1. Checking G40 against (1) out of contact with any strand residue (DSSP E or B) (no Cβ under 7 Å at 6 or more places or on another chain); (2) surrounded by 16 or more Cβ atoms within 10 Å (Cβ to Cβ); (3) among the small types (G, A, S); (4) not in a helix (DSSP H, G or I), which single condition isn't satisfied?
2. Can you tell me which condition A81 does not meet? The list is (1) free of Cβ contacts under 8 Å to residues at least 60 places away in the same chain; (2) closer than 29 Å to E175 by Cα, and all the others hold.
3. Pull out all pairs, ordered by first then second residue, where Cβ-Cβ is under 8 Å, the residues are six or more apart or on different chains, the first lies in region 21-34 and is closer than 22 Å to E11 by Cβ and at pLDDT below 90, and the second is open to solvent by 30 Å² or more (accessible area, probe 1.4 Å) and not in a helix (DSSP H, G or I).
Amino acid sequence: MLGTVKDRTLEALLKYGDKAKYILKAAIDVYERNENKELGDFSYKQLIQRLEEIGVNYDPRMILRALEKDYGIIETTYKSANQHWWKFIDIEQTKLAIYGEDKDVDEPEISLIIIQYNSLNIKEIEKKLMFLIRKPKLFDIDRKIFAEFAFETLPLIVKLYYKASQYEETYEIAERLRKIISLAKRVSVRLNDEKGDNKGFYKKEIQGEDYDANSIRLPNSEDNI
């Protein structure tokens, strides 16, 4: 493997783009959190957890393999049937490639976005919006629950969406929030349609969406959003 770790990291980023960048940033975050590095700097389980925290949902195994075998950025320190740990060959060089000289410039704001995102329980909100979209008939209680969500929680989501859209590091979060906003719009159009206004508009709205509602299993409950 030729070049410094920084050079090899830049090559990996060039080939794998944002996926490699998010994986390496998440691994660095885990490294900085870990007080006990006896087995390594980060584990697969810890990495997955951190990626989920920042809204990244793809499997990192293929890229981790490339970062180790092809680019020599990380190396395995421990592996068993249910654990896999790596360490960075030179974490400072890797940080330099990813962040340049400005690693800490936006860190407080980015951390705030992640904290606020995690506090919203987006998975639960998405599940309940989908429940309202697929429910055969909506009642006054559904309208009341959704109105509370629309006036109390949704403005926070929209505000956070605009903040997350400003940073490459929180792009995945912004996309997840945009999806929630789109789902909320679908519920509102359906409520409006069932009330008798803009009849037929809901059907057109659903047909125009690229989101496959039938691919998600929903609970048989009417919990509050």
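1. (1)
2. (2)
3. Close Cβ pairs satisfying both conditions: none exist.
The values are calculated or read from the model by the stated rules, or taken from the named source; none is laboratory data. Every value quoted in this text rests on a predicted model; they were computed, and no experiment measured them. We place every Cβ from the backbone using ideal geometry, glycine too, and count neighbours over all the protein chains shown. Just the protein is used for accessible areas: all its heavy atoms, side chains included, with ligands, DNA and RNA removed. Shrake-Rupley method; radii C 1.70, N 1.55, O 1.52, S 1.80 Å.
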